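Note sheet for the following structure.
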């Protein structure tokens, strides 16, 4: 199965080189300070592949998604190079591509407009026959009832949330899907089921970038794993590397590996801050 | 489930109505006590010291009884309240007319003015506030913010005076005062004349009303643009007018309408001042006259009527959320 | 973006400028008491010129001096009554947040009650009750302006009460009075201070309005409301300057008070610094 995945990984959809993001903030009084959250991030996402970026919560990995889409907050500044399908990803291209070829799957329903019905929201208020058909197809594929389209986000039951959020990506023709922590609070079994939907998108030819803090999920579902620590990408591995400690390269990755329950938490505190 | 929510809602409305009645009761006592406490002698204020000097003791006693001087205040209040509950607001001492008649005419005049200004300032304020909030930090936002700052620093009566100077005295587009021309019987006043005398006060009131709603809408709009759902909508490629229409307007409308209902008090306050400047025969002008002339029954009635509008507006604002917002309407949140 | 480094300095500069300007108006008004009252029929009804910047009125009084005088009266009166109002707001806000449900609903009833009667009407009533004049308008402004700030203080207190460090201190057995004094008040002070300053412009505007309607300061005092109400009679005859300049100065003063309040807020709360 892993062979099939590798075969598909042919075109590089997204390539990021030395991405840096910093913020300017004011403190009480007249002081202002700048702090750098992302200090050097490199990664590649290929079509048909599921690439996971793994890092601790609050490490700034979500900024990656915002940077690619051109949606960083106004007090942020960034440097580094981003390429989409081999061409430089400029502000203008970002605006043209986002929500279209580049889609984001958010963490929770809080990212949906609370006052807009689900169906209209997924369709982005488009009303033509084609989009209606598409929505119906997606709903039947995800086993969602027709009535759901007429409900508001707060009315949805927990089980549907993920499928609804992924529908927002499915309704476009994405070539790059960025999933920002798409399985918060789910146990591994349910999370894997959600990831199957992303695998489907990859099988259709899209590149999927999974941003998560859950190493086990990444190992079980991704094709490649990029380790993000202290503002930098420090390691890149394939899931099979994680079968044993000595196939891993970087000390932090090894510490992560040891911190996994089945590997017995060994020496966790001693090694993680390398 | 559905019955339960309906039951809750009815209980909620009954509680609100009880509170309203209690507030009106307290308001009537407040205005009664304040008027009674006044050291201003209504006889001196209305009849005049020199006229009083020429009167006999019986005449003065009659006048004192007329203006409600002396007597037991508790009894007076209870008598007034008993009449009021039965719909009898008493006689206006200044106008020698039933208070209900004075109020009916004045309220009608004022309502035309206030409703126009309320609608105009509401629509314009919403539009300006939304435009400013969507374009935060750009020149359009700065301009609108500046306008709001200046207007909310401008007393309504001075703005009215400026309009009077420019349009009434210099350009002579509109007449200087009074809602009907002097010396013309009310029935003979043409519609055009009425409109002419109405435009400037309505304009003054609308201009002052815009600032509050615009600033509030701007704040809400900024909150909305910073929300996660707005971020996601932008990530989905929505932008500009469509982004505003699909998500911004939808979410800002309810808070804006609610505020507009809750700000009836300010519009009323503004109308008192504007009516005074334009000698517009509305409720506000009657309130000022009643206050200056110690016309207790009239002032009490004006206070209660205006309080009724203000409380009513606040109540509508409260209830509106429950009816319009699907999250509350369908009982998803807060039940 | 380019002025990023100077933004805070500019806020401070704006603050200092506004304070100095208002102080000058106030002191100027106090100093020119005689000038404001001086009548001179040889110079009546003069339009604004270099000698009389704001023109003169029908008694030949210098409108510039009168405006300054009126503004200083209004500013001082507004500040005093707003301060009283703010103190009341503070006490009631703290009571309503800290003293349990009954106190809370009592205070919130009072808020609804005061907010329910249109401000102007309540001001008129209170002013009449106290026989108009300085006392009437000062008490009126003081008694009507506390509700909004009381709400802010209450909300802030409740938020503080639920913050983890207060909860922990409470679990450690600290007494309520101690908690309020040591932990809550220091946090409330900046909020309160900003709220107080932002009450000034409201108080000044309402004072001038009530005076304009004839319920405030008596006509011997050249309060700004009196000046404007007197000018009404001369509008039709074309003496626009009697209304235009004093009113414009009043607007300027109120704007500067708002600016001071906003700038203080920016300096005291780090969160709003990006505005």
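Tabulated values for the structure
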read-out: Relative contact order computed over segment A:110-171 (Cα-Cα under 8 Å; 6+ residues apart), in percent; value: 47
read-out: For segment C:143-214: rounded, prolate or oblate by the Cα gyration tensor [a/c cutoff 1.5]; value: prolate
read-out: Value of relative contact order over chain C, rounded to a whole percent, pairs C-alpha under 8 Å and six or more apart; value: 24
read-out: Cα→Cβ-extended label distance, 7 Å offset, between residue C:42 and residue B:88, nm; value: 6.7
read-out: Length-normalised contact order of chain B in % [C-alpha pairs under 8 Å, at least 6 apart]; value: 25
read-out: Nearest-ten-degree value, helix A:188-203 long axis tilted from longest Cα axis of chain A; value: 70
read-out: In degrees, nearest ten, helix B:139-152 long axis to first principal axis of chain B (Cα); value: 10
read-out: Zero-based 10 Å bins, Cα pair distances in chain A, whole percents; value: 6, 27, 34, 23, 9, 1, 0
read-out: Gaussian network model of chain B, Cα within-10 Å springs - most flexible of B:123, B:319, B:166; value: B:166
read-out: Likely footprinting exposure, A:195, A:204, fewest C-beta neighbours within 10 Å first; value: A:204, A:195
read-out: GNM flexibility winner over chain B from B:71, B:313, B:168 (Cα, springs under 10 Å); value: B:71
read-out: Within the protein assembly as shown, percent of DSSP bridges classed antiparallel, to nearest 5; value: 60
read-out: Whether segment B:252-325 is rounded, prolate or oblate, judged on the alpha carbon gyration tensor where a/c under 1.5 counts as rounded; value: oblate
read-out: Partner chain coverage, peptide B:29-39 - average Cβ within 10 angstrom; value: 5
read-out: 0 to 90° range, to nearest 10: angle between helix C:185-213 axis and chain C longest Cα axis; value: 30
read-out: Tail weight of P(r) past 23 Å, computed on alpha-carbon pairs of segment B:2-86, percent; value: 48
read-out: Residue exposure sequence - C:161, A:127, C:44 - by fewest surrounding Cβ within 10 Å; value: A:127, C:44, C:161
read-out: Where only alpha carbons of segment A:26-142 are counted, the Rg and the Dmax (Å); value: 18.2, 58
read-out: For residues of C:232-244, the mean tally of beta carbons on other chains within 10 Å; value: 4
read-out: Euclidean distance of C-alpha centroids, segment C:91-111 and segment A:130-169, integer Å; value: 47
read-out: Rg and Dmax [Cα atoms of chain C; Å; Rg one decimal, Dmax integer]; value: 22.2, 79
read-out: Per-residue [θ]222 nm for chain C (sum of -39500 (n - 2.57) over DSSP H runs n ≥ 4, rounded to 500); value: -24500 deg cm²/dmol
read-out: Global geometry of segment A:110-171, whether rounded, prolate or oblate, following the gyration tensor of its Cα atoms and the 1.5 cut on a/c; value: oblate
read-out: Shielding of C:9-20 by partner chains, average beta-carbon count, 10 Å; value: 0
read-out: Descending Cα extents along the principal axes, segment A:129-201, whole Å; value: 38, 31, 17
read-out: FRET efficiency, 1/(1 + (r/R0)^6) with R0 51 Å, evaluated for residue A:34 and residue A:200 via beta carbons; value: 0.75
read-out: 222 nm mean residue ellipticity, helices alone, for chain B (DSSP H n ≥ 4; -39,500 (n - 2.57); rounded to 500); value: -24000 deg cm²/dmol
read-out: Range of Cα positions in the protein assembly as shown per principal axis (Å), largest first; value: 117, 67, 66
read-out: Whole-number D in µm²/s for chain B (Stokes-Einstein; Kirkwood sum over Cα pairs; 37 °C, 0.692 mPa s); value: 142
read-out: Within a Gaussian network of chain B (alpha carbon springs, distance under 10 Å), most fluctuating of B:314, B:72, B:109; value: B:72
read-out: Sorted by Cβ density within 10 Å, fewest first, the residues C:257, C:17, C:64; value: C:17, C:64, C:257
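Every read-out reported here was derived from the displayed coordinates using simple, explicitly stated rules and does not represent laboratory data. Please read these numbers as outputs of a predicted model, since none were measured by experiment. Because the Cβ atoms are built from the backbone with ideal geometry, glycine has one as well, and the counts that use them run over all protein chains shown.
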